[in-house]
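Taken together, the values in this text are just the output of simple stated rules run on the coordinates, not laboratory data. Computed from a predicted structure; not experimentally measured. Here the Cβ is made from the backbone with ideal geometry for all residues, glycine too, and neighbour counts use every protein chain on show.
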Amino acid sequence: MSTERTQSITKARAKSVQAKERIKDKFPAVLKWDDVLNYCFSAIERHKDVLFYYTQLVKKDSEVTYNEKDNTLVYKPPYPIRTPEQLIEFFQANTDVQSIEVAKLKKGWPDCDAEIDKLEKEHKITVMRNKKDGSPRVIFADDPTLHINLDEEFVNHWQSIQLPSKDDIIRFLIASRRTPAGQVAANTAVVKQKKQARKNRQSTKQTNKHMHGIFKDYSGIRPKGK
Amino acid sequence: MPPAPIEATKSLLRTAVRTFHPLPKTIFLFDALLTYGVLHVDDMVPLFPPNTIQPKEIRALLTPLKNSRLVSVGTRTEIREGHTRSVQREYYHINYHEAVDAIKYRIVKLQDKVQDLYKQAEGQRKDWSCPRCHAEYDELSILDKIAPTGFYCERCGMTLEQNEQAILERGEHTKIRALNDQLGPFNKLLAVIDSGEVPENAFDDAWARKRPVPEQTQLLGSAHKPKWMEVSQQRNQEQRKQQATVDASAVGVSISTEKEQEERVAAEKREKQRAAAAANVLPDWYQNSTVGAVSSAVKKEEGGTSPNPLAMLKKEEEDEKKPVLSGAAAEQRNMQEDLDEYVREMERERLEQERREAQAAAEEDEDDDDDDDEEDDFEDAVPSGVNTPMSSQQPSIKQEYTPTVSRLIGNGLKRELDLDGDSVSGTDTGANTPAYAAPSSAPDAKRIKLENGIVSTKLADDQVASPAVVTNGATPQADSEEEDDFEDV
């Protein structure tokens with residue numbers, strides 16, 4: 001690559017940074033391509049190569065959306081979120097767990113602090129805060145239906161309860177007439193087996209098969225042992 | 001419609017975490033474990049934005065969850081790719097049975113505890129005392145001794161006073177109700193869980209069901225994420241051991257019917273026959289007469305090969321034409337390539353910069369903790385000098401010349417490169433303009449040689465850096481000539 005070309009690229013790069021700043025400042029306004037160009041370049045600066053590189057750099061920039069149809073530019077923030085509703089939707093649309101860096105969120109939504117506090121109180125999001133000033137740093141999804149109001153006294157009691165071994169817990173639960181989690185299946189299985197055993201009980205050979213359906217069937221209430 | 005038991009289990013556990021371990025990070029980690037099934041601490045770090053959390057902190061957050069049985073630990077013997085020694089790695093998962101049982105246990109105990117407090121207050125304790133003669137009475141024995149001012153003392157007639165302790169504990173029975181009200185959601189969920197079957201989700205189950213964590217578009221570090229492989233032999237032994245001690249209910253017997261067996265045997269037989277037939281097939285020259293075949297083969301050859309040379313020639317011509325094309329288009333493409341290369345370099349610099357900023361922020365935030373882990377993070381950073389586009393373009397030349405090469409920085413200044421290998425990185429350009437190592441820097445070096453032969457040869461030999469002064473308006477006039485010179489080196 002020739003030095004001349006390097007210089008053109010360097011210049012174009014500086015201009016594209018300038019353009020990006022302009023687009024960012026004007027966000028959320030949509031800017032015309034020519035307006036941005038006129039803002040960055042004076043008439044004598046418009047060298048053919050520099051313009052070529054500048055066009056490429058601006059159009060390809062990951063932080064800028066170029067609309068080919070009407071030849072306009074608009075800033076593209078890291079997250080397409082500008083309202084609390086959009087934030088909640090963003091969390092719900094993702095099946096993977098998401099963490100959002102507030103610094104990045106602010107690029108597109110500068111005054112989100114108040115809304116974040118509000119959503120946190122509603123238990124729609126949880127917020128990890130900076131130690132120094134308590135400003136939000138990272139936010140995560142939350143769900144208000146998963147919150148219960150338990151008095152602090154009870155919570156402290158709860159924490160102070162020591163858990164015995166796994167088997168002891170199961171024994172304790174059975175003793176206090178509650179179902180340990182794994183036992184549900186076992187109980188139902190036992191019941192089923194017993195029923196099946198009763199059904200197939202035909203010890204003696206039937207000789208009067210031709211009369212089936214004529215007599216009433218009392219086999220279900222037959223006395224035991226016969 | 002009532003939720004399925006498994007959904008109820010998940011809701012219960014998530015509610016429990018939010019109630020008893022209300023740190024945002026803990027809640028997030030637990031939700032992640034529910035989503036992905038099994039996670040190693042190394043998998044959890046990238047779930048957070050870069051440099052917001054250290055592995056050590058994650059372990060500290062998980063310990064209380066572990067103690068509450070909400071989270072369980074399973075180990076696997078694994079080998080890191082490229083290493084020889086195997087390591088026991090700890091993976092976190094959620095054992096539904098253990099977690100639910102622990103919650104049930106604590107609910108029962110909590111209810112008992114609150115009830116006990118009430119009973120103690122209600123029992124045979126002497127709640128009433130006489131301020132004058134200090135006689136003490138329980139509630140039942142004074143119920144009939146009513147004076148206009150209240151209960152009176154049997155001994156001296158003074159109005160009795162209720163003990164402070166008793167007044168305090170009067171509210172205990174309302175507490176039981178409050179507790180039951182507040183635990184209402186828990187009890188509802190537990191009823192649903194008990195109505196159906198919930199899988200235990202022991203470690204092996206959880207491992208089989210786990211969902212991979214999506215690859216994050218991470219910063220430079222993740223490219224070096226080590227891969228871990230399980231040590232299969234040991235695992236098999238473990239499994240065999242487990243199978244030996246497994247209870248009868250878990251043993252499954254697969255029975256294939258006679259018909260299936262027959263079909264399988266028949267299929268095998270058919271397969272064998274086909275293989276034998278293929279092996280015993282008679283050669284072509286045996287089946288067909290060779291007399292007629294020769295002529296046809298020749299004909300085929302003539303038909304097949306004769307037009308080929310022509311086609312080949314044509315192709316070659318086309319190939320030659322392609323790179324020539326028109327000068328303007330080629331120029332355009334070259335410019336595009338240059339730009340792409342530049343953009344790649346820029347992107348790398350940006351990542352580096354971002355990483356450094358985040359690192360700084362993290363350190364600032366965590367400076368009161370003493371973190372040994374941070375050193376690990378530094379090791380991830382790649383000396384960026386290694387991957388410059390320049391090296392990919394002219395690898396052989398680069399090796400010889402890097403020490404003397406002067407870098408052309410975005411603003412047009414020349415800058416000398418450091419010789420201490422590690423510090424040769426993009427880090428020196430803090431500004432938005434990335435350092436750009438132009439391939440033409442090699443010719444620059446050569447030009448020095450012309451101007452000051454002695455010094456520059458010394459440079460090449462000893463690899464000592466000295467200010468290599470190159471004028472900014474470097475003449476691009478003799479590009480081709482310079483390249484020729486290079487091949488000699």
At q = 0.10, 0.18 Å⁻¹, the log10 of I(q)/I(0) for segment B:20-156 from a Debye sum over equal Cα scatterers comes to -0.57, -1.06
Per residue of B:44-51, other chain Cβ atoms within 10 Å number on average 3
Per the 1/(1 + (r/R0)^6) rule, R0 = 41 Å and r from the Cβ atoms of residue A:122 and residue A:71, FRET efficiency to 0.05 is 0.45
Surrounding charge for residue A:68, neighbours by C-beta under 14 angstrom, Lys/Arg +1, Asp/Glu -1, total +3
Specify whether the C-alpha gyration tensor of chain A places it in the rounded, prolate or oblate class, a ≥ b ≥ c being the square roots of the eigenvalues: rounded for a/c under 1.5, otherwise prolate if a/b is larger than b/c and oblate if not. prolate
In the neighbourhood of residue A:9 defined by beta carbon distances under 9 Å, the net charge of the other residues (Lys, Arg +1; Asp, Glu -1) is +1
Long-range amide H contacts for residue B:153: which residues qualify at under 5 Å (H placed 1.01 Å from N, peptide plane, sequence gap of 5 or more or a different chain)? B:158, B:159, B:160
Only Lys, Arg, Asp and Glu count, each charged at its Cβ (+1, +1, -1, -1), so figure out the dipole size of segment A:3-75 about its Cα centre, rounded to 20 debye. 120 debye
Most packed first (mean Cβ within 10 Å per residue), the peptides A:11-19, B:78-86 order as A:11-19, B:78-86
Dividing the Cα convex hull volume of segment A:84-146 by residue count, how many Å³ per residue is that? 91 Å³
Suppose the chain between residue A:95 and residue A:132 were pulled fully straight at 0.36 nm per residue; how much longer would it get relative to their current alpha carbon spacing? 10.1 nm
Modelling each spin label as a point 7 Å along the Cα-to-Cβ direction, I'd like the residue B:163/residue B:176 distance in nm, to one decimal. 2.0 nm
Given H placed on each backbone N at 1.01 Å, which residues far from residue B:40 in sequence or on other chains put an amide H within less than 5 Å of it? B:92
Fully extended contour minus Cα-Cα distance, from residue A:163 to residue A:216, at 0.36 nm per residue: 13.2 nm
For residue A:155 and residue B:134, FRET efficiency with R0 = 51 Å and r from the beta-carbon atoms, rounded to 0.05? 0.80
Where a label projected 7 Å from the Cα of residue B:81 along Cα→Cβ would reach, residues of segment B:13-42 with amide N under 17 Å: B:42
Computed magnitude of the charge dipole of chain A (debye, nearest 20; Cβ of K, R +1, Cβ of D, E -1): 2480 debye
Expressed in nanometres to one decimal, the distance between label points 7 Å along Cα→Cβ at residue B:90 and residue A:106 is 3.6 nm
Which entries in A:76/A:118; A:26/A:76; A:166/B:66; A:76/A:104 show an alpha-carbon gap greater than 20 Å? A:76/A:118
Mind giving me the nanometre distance, one decimal, between the label points for residue B:337 and residue A:176, set 7 Å out from Cα along Cα→Cβ? 7.7 nm
Using the Karplus equation 6.51 cos²θ - 1.76 cosθ + 1.60 (θ = phi - 60°), what ³J(HN,Hα) coupling, rounded to whole Hz, does each residue of segment B:63-70 give in order, writing x for Gly and Pro? 4, x, 5, 5, 5, 8, 6, 6
Per-residue ellipticity at 222 nm for chain A, helices alone: DSSP H runs ≥ 4 residues times -39500 (n - 2.57), over residue total, nearest 500 deg cm²/dmol? -14500 deg cm²/dmol
Net charge (Lys, Arg +1; Asp, Glu -1) of residues whose beta-carbon lies under 11 Å from that of residue B:5, residue B:5 excluded, is -2
Between A:205, A:26, A:76, which gets the highest mean-square fluctuation from a Gaussian network model of chain A, Cα cutoff 10 Å? A:205
By how many nm would the segment from residue A:49 to residue A:22 lengthen if fully extended, with 0.36 nm per residue of separation less the alpha-carbon distance? 7.5 nm
FRET efficiency estimate (nearest 0.05) - Cβ-Cβ, residue A:115 to residue B:113, R0 51 angstrom: 0.80
